[in-house]
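The structure under discussion appears below in the form of structure tokens.
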Amino acid sequence: MSTAKLTTRNVAEQLNAQLFGDGTSIALDVTHDSRQAREGTLFVAIKGETMDGHRFVEDVMRRGAAGIISEYDPPADFAGAWLKVEKARDALAKAATVINGDPSHQLDLVGITGTNGKTTTTYLCFALAEAAGQRPAMLTTVEYRIGEKSEEAVRTTPEASDTNRFLREAVDAGCTVAVMEASSQAIDLHRCDWLRFKIAIFTNLTQDHLDHHVTMENYFDAKKKLFDGRLGERPGASIINIDDEWGVKLADELRGSGEKVVTFSQRGEADLSATDIKVSLIRGTSFVLKTPAAEVDVTSPLVGRPHVYNMLAATATALELGYDLDSIVKGLSTCVGAPGRFERVPHDGDFAVVVDYAHTDDALLNTLKTARELTDGRIITVFGCGGDRDRSKRRPMGEAAGEHSDIVVITSDNPRNEDPLKIIAEIEVGVKEKTSVYEVIPDRREAIYRAIAAAKSDDVVIIAGKGHENYQIIGADKFHFDDREIALEALARRSEES
């Protein structure tokens, strides 16, 4: 809720909006979701591709809304406050900031963008803040958390109104730092506008979401908005992976504008780097962490070289926020990361079962390379691709699986409104380019059972694509489905039959 009572006239002034009607009503909240509207809410009527918020104006006003924000003039018979703005989504973000008392300025807010690694890096930043004695909050793909209070996430990056409401709650709960994922689509949709980021992190950029962005250049430009001031304020520091070609480009462009840039790398010279990396499925990951302050040994329960990048990003953030190196090493040694990110399914067998969220070709490639580094046996990979999403990654994901697996089982993910067999056929083209050792099993439960039944001593079964998700979307229906639960069922069946 807001920290001070603002009239709709006050809000109109902040938005540079044209005010029609009486501006004395009190604005207590703002939303573009008519279901959230209640007495004192400013309703932002957004005309989208499939839904026009103006259809709900009469309904929300009847329920006591403080007024309407719109890009259009009010209807002739409208009675109440109407704020006409140039861009409704931008106005939603600015109004949310104003009404909630600008909470991002009262926190050390960290924004993380990139194709892969956002969620784990968020969990790591949260853990390092706790280890340093701070009270953190976080917004992730998996959950929204304030201290010990947690709720299941609705989307990776919430709407601006939801984010500001969350940050206000975090401030009121005594939080000093907040960490959030900033997806490229959310940035394009103005969900991160007018937030003040103390730190912005760039993890990497690989092919994904081209159904939305069309080109990699557009995808990069969306990410770049988090760093270059187009969202409102420039971050205090930009932390960038320079082992990524797009990261190098971003770092160079920001330095050219006089921004503070902190780099990290596993391959060469950077402000923070990692050497002598050792990875074990049992013992986790260890490496020598090189920072401007000192070199220290790090041991983490996280498994895989990709997580070293996440730890470097989180460490650079912690140092920028003034945390001491001892607490950072402690936090790294205890953080188990995000659910469904190279998560081992526990069992007593002599082979491993791993569930991973990898749903792009680059993420799947990294997961399979990590698995190859950890096993002397075979890699059996189960995966599919989501429907109504970027089709261009299906063949490359098939190629990655075919080249780096010993056995591939192609199955369904969340087909949504697409024919799962057509999705599988597109994946199969890539798999066949690299291997002939594969099966097509559209039923995901059956596919997981088949892979686990086929495993031998020292093998690794990788179940990729859904990770922490506990549902499957077929058509318009959402069913409970958790890869980890199904894997445990399959392991129990195998044990009974042996």
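Tell me, what is the percent relative contact order of the stretch 25-65, built from C-alpha pairs under 8 Å that lie six or more residues apart?
37 percent
Rounded, prolate or oblate, given the Cα gyration tensor of the stretch 394-498, with a/c below 1.5 counting as rounded?
On the way: a/c = 2.10, a/b = 1.07, b/c = 1.96.
Because a/c hits 1.5 or more and a/b fails to exceed b/c, the stretch 394-498 counts as oblate.
Rounded to the nearest 500 deg cm²/dmol, what is the calculated helix-only ellipticity per residue at 222 nm for the chain, with -39500 (n - 2.57) per DSSP H run of length n ≥ 4? Each step should come with its number before you reach the end.
Values: 16 runs with 175 residues, N = 498.
Helix contribution divided over all residues of the chain: -10500 deg cm²/dmol.
With everything on Cα atoms, drop me the angle between helix 118-131 and the longest principal axis of the chain, reported from 0 to 90° to the nearest 10.
The angle comes out at about 80 degrees.
What list of ³J(HN,Hα) values in whole Hz, one per residue of the stretch 72-83 in order, does the Karplus curve 6.51 cos²θ - 1.76 cosθ + 1.60 (θ = phi - 60°) give from phi, with Gly and Pro shown as x?
10, 5, x, x, 4, 9, 6, 10, x, 7, 10, 10
For the stretch 400-443 and the stretch 181-203, what is the centre-to-centre distance using only Cα atoms, to the nearest Å?
The stretch 400-443 and the stretch 181-203 have Cα centres spaced 33 Å from each other.
Using modelled amide H (1.01 Å from N, peptide plane; none on Pro or chain starts), what sits under 5 Å from the amide H of LYS47, excluding residues fewer than 5 places away?
Those lying under 5 Å, H to H, from LYS47 are GLY53.
Would you mind ranking ILE474, ILE240, ILE68, ILE486 so that the residue whose beta carbon has the fewest other beta carbons within 10 Å leads the list?
ILE474, ILE486, ILE68, ILE240
Just rank SER333, SER405, fewest to most, by other beta-carbon atoms within 10 angstrom.
Ranked by crowding around the Cβ, least crowded first: SER333, SER405.
Run through the stretch 408-498 and list the trypsin sites (Lys or Arg not before Pro) located in a DSSP loop whose Cβ has at most 14 other Cβ atoms within 10 Å.
Passing sites in the stretch 408-498 are LYS456.
When a footprinting reagent is the concern and you count Cβ atoms within 10 Å, what order do CYS175, CYS125 take, fewest first?
Working: CYS175 22, CYS125 29.
So the residues, fewest neighbours to most, are CYS175, CYS125.
Which ³J(HN,Hα) values, rounded to whole Hz and listed in residue order, are derived for the stretch 361-371 from phi using the Karplus coefficients 6.51, -1.76 and 1.60 in 6.51 cos²θ - 1.76 cosθ + 1.60 with θ = phi - 60°, glycine and proline given as x?
Result, ordered by residue: 5, 5, 5, 5, 4, 5, 5, 5, 5, 4, 4 Hz.
Determine ³J(HN,Hα), in whole Hz, for all residues of the stretch 408-413 in sequence, where each value follows from phi through the Karplus function 6.51 cos²θ - 1.76 cosθ + 1.60 and θ = phi - 60°; x replaces Gly and Pro.
10, 10, 8, 9, 8, 10
Search the structure for amide H atoms under 5 Å from the amide H of ASP108, placed 1.01 Å from N in the peptide plane, and list their residues when 5 or more places away or on another chain.
Placed amide hydrogens put VAL177, ALA178 under 5 Å from ASP108.
If the chain between ASP73 and GLN185 were fully stretched, how many nm would it gain, using 0.36 nm times the residue separation less the Cα-Cα distance?
Net length gain for the segment: 37.5 nm.
DSSP loop trypsin sites (Lys or Arg not before Pro) in the stretch 121-186 with at most 16 other Cβ atoms within 10 Å of their Cβ, which ones?
ARG155
For TYR72, what residues show an amide H to amide H distance below 5 Å, using hydrogens built from the backbone and excluding near sequence neighbours?
For TYR72, the qualifying residues are VAL85.
Shape call for the stretch 6-99 from the C-alpha gyration tensor, a ≥ b ≥ c root eigenvalues: rounded (a/c under 1.5), prolate (a/b greater than b/c) or oblate?
Rounded, because the longest to shortest axis ratio a/c is under 1.5.
Helix 444-454: angle to the longest alpha-carbon principal axis of the chain, degrees 0 to 90, nearest 10?
Tilt of helix 444-454: around 30 degrees.
Only sites in a loop by DSSP and with at most 14 other Cβ atoms within 10 Å count here; which GluC sites (Glu not before Pro) in the stretch 225-256 make the cut?
When the GluC sites (Glu not before Pro) of the stretch 225-256 are filtered for loop state and at most 14 Cβ neighbours within 10 Å, GLU233 remain.
Values in this text are rule-based calculations from the coordinates and carry no lab data. Bear in mind the structure is a predicted one, so any value in this text is a computation, not a measurement. Every residue, glycine as well, gets a Cβ built from its backbone with ideal geometry; the counts of neighbours run over all protein chains shown.
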